[in-house]
């Protein structure tokens with residue numbers, strides 16, 4: 001579904017990602033692990049076109065997306081979350097999720113300014129879609145709360161919810177469990193299963209919590225210093241000598 | 001405390017959320033519609049000016065409060081609207097065509113200003129828009145064949161459906177009508193996806209992009225709409241002052257407009273109205289005070305801008321959310337009357353980057 005072929009990027013003299021290639025199959029949960037600075041988030045930023053690749057290519061659904069503009073990525077069906085949450089802080093949860101519906105709009109500015117009946121119909125549709133996501137992730141009690149007043153764990157879930165509102169084919173989760181307590185992390189692993197099984201969304205996640213990784217993911221890719229170590233099942237990767245060395249030292 | 005029982009998504013979309021709002025806005029409508037019956041002609045004129053300021057304020061609020069782009073050049077848009085309107089009227093256009101032409105041309109200029117502004121934010125954008133205002137001011141003084149230069153330009157009297165717009169009462173109702181339309185259009189924008197895109201750009205550009213929002217076109221749109229509203233206000237302003245000259249649209253006007261949205265409360269349309277009342281009526285309030293206080297204080301030169309500045313500083317320190325923020329607190333106090341918790345709005349220090357509001 002998504003294929004990265006020899007992608008590389010460097011910032012000044014630092015080679016953040018060095019010729020990494022991988023394939024993500026439809027319907028799987030694909031995890032990226034690695035120590036700090038291994039280039040995990042950079043790979044996300046390359047896929048979602050926030051950074052340009054130096055060389056190599058990324059294909060999604062057989063379409064080359066290496067040079068697609070950033071805002072067009074969402075329309076292709078790729079949604080993402082951010083490591084430190086990038087929500088619209090001064091708005092309510094509901095409005096954040098409605099912004100997630102933006103790519104499905106069929107109205108234009110003129111219709112919006114006049115609030116024609118078609119705009120109302122679309123708003124009602126958006127709200128129905130948003131409520132389904134709210135129900136899925138149990139966010140009912142936060143619907144009208146302003147993001148700035150919410151605890152960190154809830155914000156992480158709102159971000160996942162907002163990404164789901166795009167109705168994506170591929171979901172990129174950047175450290176979904178960071179800042180969550182063990183109970184919330186447990187919930188997260190069930191939701192990941194729901195997202196995969198019920199919604200049929202392919203998931204790529206960057207994650208440090210090895211428990212969550214081995215429970216939720218089908219395949220794992222390990223990176224260190226921007227280079228690929230190995231790709232395999234969670235058990236294979238966890239016992240790979242190079243991976244152990246990268247994480248634990250010699 | 002009021003609890004609204006929601007049974008349909010429409011309740012989130014409609015303009016009035018419950019009967020209490022309908023009652024109070026109805027009362028407000030009765031108040032402004034009946035004002036000509038019991039209000040002195042002079043104050044009716046001042047109220048018209050408040051309405052004009054409010055229309056310009058809606059424009060500026062959409063840009064500053066909802067899209068997060070600061071502009072110190074809105075006096076220029078006001079001027080373009082005013083001059084275009086006067087020029088078109090002078091060339092024989094009927095009033096409705098002239099005012100629509102003025103607003104559209106100003107919106108178009110807004111799009112042009114947006115092109116260099118796309119790459120700038122914060123203080124840099126403020127300076128760029130300031131430069132734009134200076135350019136417009138120069139054009140107004142030197143393009144004598146159209147604007148009359150320093151001598152200025154007489155605004156022709158206008159008629160609408162046989163009604164003479166120079167009559168204070170007719171002009172008052174015209175301003176009220178325009179303000180109502182502007183508010184409705186702004187509210188429509190804010191409850192639809194175009195308005196939400198603006199808010200998204202304000203709060204986080206990177207995540208707006210990954211939601212599929214085109215940053216550049218959203219900013220362009222915000223500039224165009226903002227300039228359009230301000231141009232409309234400019235056209236009405238032209239009739240209000242009757243005679244246009246470049247010194248009616250200086251940096252001070254831009255700052256006054258910005259002051260209006262900040263003191264009113266950034267990020268709310270209520271704030272615009274509060275701010276417009278403040279800006280429009282404060283000079284009168286100060287004039288009235290002059291008669292009461294001892295002459296030694298009343299005669300201090302520059303006391304008016306001084307009081308403006310003092311109030312702005314006090315608001316920035318004690319009430320960054322402006323008059324609307326204060327109003328919300330007062331309302332909550334009465335809603336929860338015996339149970340109001342003092343710490344509800346206590347400002348907290350935030351340590352994580354993500355907890356900080358820009």
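Against the definition (within 14 Å of chain B (Cβ to nearest Cβ), under 27 Å from residue B:12 (Cβ atoms) and at pLDDT 90 or above), how does residue A:170 come out, yes or no?
On the way: within 14 Å of chain B (Cβ to nearest Cβ): yes; under 27 Å from residue B:12 (Cβ atoms): no; at pLDDT 90 or above: yes.
For residue A:170, the condition - within 14 Å of chain B (Cβ to nearest Cβ), under 27 Å from residue B:12 (Cβ atoms) and at pLDDT 90 or above - is not met.
For the residues A:57, A:31, the requirement of being in a strand (DSSP E or B) and buried (at least 23 other Cβ atoms within 10 Å of the Cβ) singles out A:31.
The residue list A:120, A:80 contains one member that is modelled with pLDDT of 90 or more and within 20 Å of residue B:204 (Cβ to Cβ), which is A:80.
Considering the stretch A:61-75 alone, what residues qualify as being within 14 Å of chain B (Cβ to nearest Cβ) and either in contact with a strand residue (DSSP E or B) (Cβ under 6 Å, 6 or more places away or on another chain) or outside any helix (DSSP H, G or I) (or both)? Show your work before the answer.
Taking the stretch A:61-75 first, the residues within 14 Å of chain B (Cβ to nearest Cβ) are A:65, A:68-75.
The answer is A:65, A:68, A:69, A:70, A:71.
Of the residues making up the stretch A:114-128, those that are surrounded by fewer than 18 Cβ atoms within 10 Å (Cβ to Cβ) and part of a helix (DSSP H, G or I) are A:114, A:117, A:118, A:120, A:121, A:124, A:125, A:128.
If I filter the stretch B:195-210 down to residues being more than 20 Å from the chain's Cα centre (by Cα) and more than 7 Å from chain A (Cβ to nearest Cβ), which single residue comes out as surrounded by the fewest Cβ atoms within 10 Å (Cβ to Cβ)?
B:205
Where helices (runs of 4 or more DSSP H) fall entirely within the stretch B:246-302, those with at least 2 residues that are over 23 Å from residue B:76 (Cβ atoms) are at B:269-292, B:295-298.
Only one residue in A:16, A:8, A:38 is in contact (Cβ under 8 Å) with a residue 12 or more places away in the chain, outside the structural domain of residue A:230 (by TED's automatic domain parsing) and either part of a loop (DSSP other than H, G, I, E, B) or out of contact with any helix residue (DSSP H, G or I) (no Cβ under 7 Å at 6 or more places or on another chain) (or both), so which one is that? Talk me through it step by step, then tell me what you get.
On the way: A:16 fails: either part of a loop (DSSP other than H, G, I, E, B) or out of contact with any helix residue (DSSP H, G or I) (no Cβ under 7 Å at 6 or more places or on another chain) (or both); A:38 fails: outside the structural domain of residue A:230 (by TED's automatic domain parsing).
Only one candidate passes the filter, namely A:8.
Quick grid of which residues meet (1) outside the structural domain of residue A:44 (by TED's automatic domain parsing); (2) more than 20 Å from residue A:46 (Cα to Cα):
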| site | (1), (2) |
| --- | --- |
| A:145 | yes, yes |
| A:151 | yes, yes |
| A:182 | no, yes |
| A:227 | no, no |
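Within the stretch B:175-194, the set of residues being free of Cβ contacts under 8 Å to residues at least 60 places away in the same chain and either away from chain A (no Cβ under 12 Å) or in contact with a strand residue (DSSP E or B) (Cβ under 9 Å, 6 or more places away or on another chain) (or both) comprises B:177, B:180.
Test residue A:138 against the criterion of being touching a strand residue (DSSP E or B) at 6+ places or on another chain (Cβ under 6 Å), without any contact (Cβ under 8 Å) to a residue 60 or more places away in the chain and part of a loop (DSSP other than H, G, I, E, B), and give yes or no. No; evaluated as a whole, the condition is false for this residue.
If I go through the stretch A:81-106 residue by residue, how many of them are more than 26 Å from residue A:206 (Cα to Cα), facing chain B (nearest Cβ under 7 Å) and without any contact (Cβ under 8 Å) to a residue 40 or more places away in the chain? Can you show your working first?
The first filter runs over the stretch A:81-106 and keeps only residues more than 26 Å from residue A:206 (Cα to Cα), leaving A:90-92, A:94-95, A:104-106.
Narrowing further to those that are facing chain B (nearest Cβ under 7 Å): A:90-91, A:95, A:105.
Applying the additional criterion that residues be without any contact (Cβ under 8 Å) to a residue 40 or more places away in the chain yields A:95, A:105.
Summing the residues that are more than 26 Å from residue A:206 (Cα to Cα), facing chain B (nearest Cβ under 7 Å) and without any contact (Cβ under 8 Å) to a residue 40 or more places away in the chain in the stretch A:81-106 gives 2.
Taking the conditions (1) more than 10 Å from the chain's Cα centre (by Cα); (2) in a helix (DSSP H, G or I); (3) crowded, with 16+ Cβ neighbours inside 10 Å in turn, residue B:52 satisfies each one other than (1).
For residue A:30, state whether it is within 14 Å of chain B (Cβ to nearest Cβ), under 30 Å from residue A:211 (Cα atoms) and in contact (Cβ under 8 Å) with a residue 40 or more places away in the chain. So residue A:30 fails the test. Looking across the stretch B:265-318, the residues that are farther than 24 Å from residue B:32 by Cα and under 19 Å from the mean Cα position of the chain (by Cα) come down to B:266, B:267, B:308, B:309, B:311, B:312, B:315, B:316. Considering the stretch B:150-172, the residues that are without any contact (Cβ under 8 Å) to a residue 60 or more places away in the chain and surrounded by 14 or more Cβ atoms within 10 Å (Cβ to Cβ) include one that is nearest to the chain's Cα centre (by Cα), namely B:170. Could you check, for the stretch B:216-233, whether at least one of its residues is within 27 Å of residue B:39 (Cβ to Cβ) and within 14 Å of another protein chain (Cβ to nearest Cβ)? Yes.
The values are calculated or read from the model by the stated rules, or taken from the named source; none is laboratory data. The structure displayed is predicted, hence computed values, not measured ones. Virtual Cβ from ideal backbone geometry, glycine too; neighbours counted across all protein chains shown.
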